[in-house]
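Below is one structure, written out as structure tokens, with a few remarks after it.
The values are calculated or read from the model by the stated rules, or taken from the named source; none is laboratory data. Worth saying up front: this structure is predicted, and the values here are computed from it rather than measured. All Cβ positions, even for glycine, are placed from backbone atoms using ideal geometry, and neighbour counts span all protein chains on display. Only protein heavy atoms, including side chains, enter the accessible area calculation; ligands, DNA and RNA are left aside. Shrake-Rupley method; radii C 1.70, N 1.55, O 1.52, S 1.80 Å.
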Amino acid sequence: MFCSTVIPTVARASLARSVQSVLDQSLRSDEFEIIVVNDSGQPLAEAAWQHSPRVTLLNTQRRERSTARNTGAAIATGRYLHFLDDDDWLLPGAFEALWQLSQISDAAWLYGTARLVDSAGQHLLDLRHALSGNLFIQVMAGEWIPLQASLIRADAFFASGGFNPLMPVSQDVDLSRRIALRGDFAESSAVVACIRRGVDTSTTDYARLPFYSRRARELILNEPGVFVRLRASANSSYWCGRLVRVYLTSLVWNVRQRRVLTAVSRMAFGMTGGGMSVRHWLARDFWRAILYNHQSETFKRGFDQAKRSNPAGDGTIGADG
């Protein structure tokens, strides 16, 4: 089987749209399956999709998203895993576009363009990265490649340990970083998924995000081979600067945590920059990357384009739902 879609749900009314968007994909029916994991703690309302032979329904009884997603992945039979939230949906032809990509790339993570929409479903912007290959520094520095628009090779997912159940927020970013440590990414230009942005019905606790994101990144920095992989993915002065900043911000965090030896190690890696060329140190982009917080460059470009096409907008994208 080509792919398995895992949809964790807290019984939102939008679930039916999410499931149907997968059922409507143009691949042969025996090439994909859907695993809905009900984490709401209550029975789901009766719906037509529950009678489809391509859908399996599991219950995890309020164990949170990481456990729900891992549970679905554990019984999946697809070569690729696709994780879709219950308020997002696929666009027609999504699996076909990603299947075509899989024929020319064996990357661990395949992804397409994500269409960001507001809570009313209105188009905000299309998020295309134009990034492929070793993207380790890019995802470590803040580039967000949405799960909903991605297929992850099942063997790479399980080798990475899957979703961390001890991380209550930003589990998707953590997973992308751990997979990028050892695997490559490949992109299709096709727009494959709609992702709702907004906090009105979100189940994410954003107040805890900075702490857990930092702690997860620290665990990755402790892995063997991290610096070599980061250095190999820093293919411009800007990304070389981001590499240095990753280590310098880690230095500050470890000093505050009184982890002196780790802080010294981070300083050594950050200040040497792995012997990068002098031209990087002299480049303006290098210092811009070090001195300023990173907002996804792709997100920023897309937002700027959206503002130019809709100057009357309020300038608000919102947080991930």
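Going by what's in this entry, would Gly270 be described as open to solvent by 20 Å² or more (accessible area, probe 1.4 Å) and modelled with pLDDT under 90?
Details: open to solvent by 20 Å² or more (accessible area, probe 1.4 Å): no; modelled with pLDDT under 90: yes.
No.
Take the range 18-30 and flag every residue that is charged (D, E, K, R) and at pLDDT below 95.
First, pick out the residues of the range 18-30 that are charged (D, E, K, R): 24, 28, 30.
Passing the criteria: Arg28, Asp30.
Scan the range 2-25 residue by residue and report those that are within 21 Å of Phe163 (Cβ to Cβ) and part of a loop (DSSP other than H, G, I, E, B).
Of all residues in the range 2-25, those within 21 Å of Phe163 (Cβ to Cβ) come to 3-12, 15, 18-19, 22.
Scanning the range 2-25 gives Val10, Ala11, Arg12.
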Q) If you scan the range 273-314, which residues turn out to be at pLDDT 65 or above and of a type in the set (Val, Ile, Thr)? A) Val278, Ile290
Q) Out of the range 216-240, which residues are within 24 Å of Leu166 (Cβ to Cβ) and exposed (fewer than 15 other Cβ atoms within 10 Å of the Cβ)? A) Leu219, Asn222, Glu223, Pro224, Gly225
**Q.** Extreme residue, nearest to Val37 (Cα to Cα), among residues of the range 70-106 that are among the charged types (D, E, K, R) and open to solvent by 10 Å² or more (accessible area, probe 1.4 Å)
**A.** Asp85
Q | Those residues of the range 142-163 which are open to solvent by 10 Å² or more (accessible area, probe 1.4 Å) and assigned to a helix (DSSP H, G or I), in sequence order | A | Ala154, Asp155, Ala156, Phe158, Ala159, Ser160
Q | Of residues in the range 45-60 being more than 29 Å from the chain's Cα centre (by Cα) and hydrophobic (A, V, I, L, M, F, W, C), the one surrounded by the most Cβ atoms within 10 Å (Cβ to Cβ) | A | Ala47
**Q.** the range 241-260 - residue that is farther than 14 Å from Arg214 by Cα and assigned to a helix (DSSP H, G or I) and, of those, most open to solvent (accessible area, probe 1.4 Å)
**A.** Val260
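Out of all the residues in the range 62-70, is one or more outside any helix (DSSP H, G or I) and over 25 Å from Ser132 (Cβ atoms)?
We begin by selecting, within the range 62-70, every residue outside any helix (DSSP H, G or I); these are 62-63.
Add one more test, that the residue is over 25 Å from Ser132 (Cβ atoms), and what stays is 62-63.
Yes: the range 62-70 contains one or more residues that are outside any helix (DSSP H, G or I) and over 25 Å from Ser132 (Cβ atoms).
For the structure I just gave you, tell me whether Leu135 is open to solvent by less than 10 Å² (accessible area, probe 1.4 Å), of a type in the set (A, V, I, L, M, F, W, C) and at pLDDT 95 or above. Outline the logic, then answer.
Working: open to solvent by less than 10 Å² (accessible area, probe 1.4 Å): yes; of a type in the set (A, V, I, L, M, F, W, C): yes; at pLDDT 95 or above: yes.
In short, yes.
Taking Ser40 as the residue in question, decide whether it is under 22 Å from Gln171 (Cα atoms) and assigned to a strand (DSSP E or B).
On the way: under 22 Å from Gln171 (Cα atoms): yes; assigned to a strand (DSSP E or B): no.
No: the conditions fail for Ser40.
Conditions tested, residue by residue: (1) polar (S, T, N, Q); (2) not in a loop (DSSP other than H, G, I, E, B).
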position	(1), (2)
Gln103	yes, yes
Leu124	no, yes
His129	no, no
Pro165	no, no
Asp174	no, yes
**Q.** In the range 178-192, the residues that are among the β-branched types (Val, Ile, Thr) and either under 15 Å from the mean Cα position of the chain (by Cα) or buried (at least 24 other Cβ atoms within 10 Å of the Cβ) (or both)
**A.** Ile179, Val192
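Can you say whether Gln122 is free of Cβ contacts under 8 Å to residues at least 60 places away in the same chain and more than 15 Å from the chain's Cα centre (by Cα), as far as the supplied structure shows?
yes
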Q) Any idea which of (1) at positive phi; (2) open to solvent by less than 10 Å² (accessible area, probe 1.4 Å) is the one Tyr111 doesn't satisfy? A) (1)
Q: Go through the range 164-211 residue by residue and tally those that are modelled with pLDDT under 95 and among the aromatic types (Phe, Trp, Tyr).
A: 2
Q: Go through the range 1-26 residue by residue and tally those that are closer than 20 Å to Phe157 by Cβ, open to solvent by less than 80 Å² (accessible area, probe 1.4 Å) and of a type in the set (A, V, I, L, M).
A: 3
